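The values are calculated or read from the model by the stated rules, or taken from the named source; none is laboratory data. Since the structure is predicted, the reported quantities are computational estimates derived from the model, not experimental observations. Backbone-built Cβ (ideal geometry, glycine too); neighbour counts: all protein chains shown.
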């Protein structure tokens with residue numbers, strides 16, 4: 001199994017991700033997201049609480065990460081990222097994520 005952060009870091013190199021709550025929400029609604037990562041340390045929680053529900057409705061795997069700072073670093077930005085959608089996992093298998 002691969003940690004959420006390692007997986008996302010590798011996807012950035014070989015695949016495609018959308019970052020930020022608005023972009024992730026659009027990707028889920030369009031059905032193009034393969035995996036959604038939602039951070040647990042977002043305040044207020046209302047900003048991201050709709051994403052797991054939306055993912056369940058669309059049949060998209062949704063996993064939690066504990067730190068928006070670490071998630072931001074793993075996608076290569078120097079800002080916190082509350083949510084990330086994997087659009088194309090490249091050569092990676094989404095099922096290997098913890």
Worksheet, complete the sentence: Flagged in the range 11-26 as within 12 Å of residue 75 (Cβ to Cβ), in a helix (DSSP H, G or I) and either in contact with a strand residue (DSSP E or B) (Cβ under 8 Å, 6 or more places away or on another chain) or at pLDDT 95 or above (or both), in numbering order, are 11, 23, 24
Worksheet entry | Neighbours by Cβ (under 7 Å, 6+ apart or cross-chain): first from the range 24-52, on the phi > 0 side of the Ramachandran plot; second in a helix (DSSP H, G or I) and surrounded by fewer than 19 Cβ atoms within 10 Å (Cβ to Cβ) | 31/58
Discussion item. Going residue by residue through the range 57-75, is there one that turns out to be part of a helix (DSSP H, G or I), over 22 Å from residue 2 (Cα atoms) and either at pLDDT below 95 or over 14 Å from the mean Cα position of the chain (by Cα) (or both)?
Written reply: yes
Item to complete: Considering only the range 77-98, state which residues are part of a loop (DSSP other than H, G, I, E, B), within 19 Å of residue 33 (Cα to Cα) and in contact (Cβ under 8 Å) with a residue 12 or more places away in the chain.
Response: 81, 82, 89, 90, 91, 92, 98
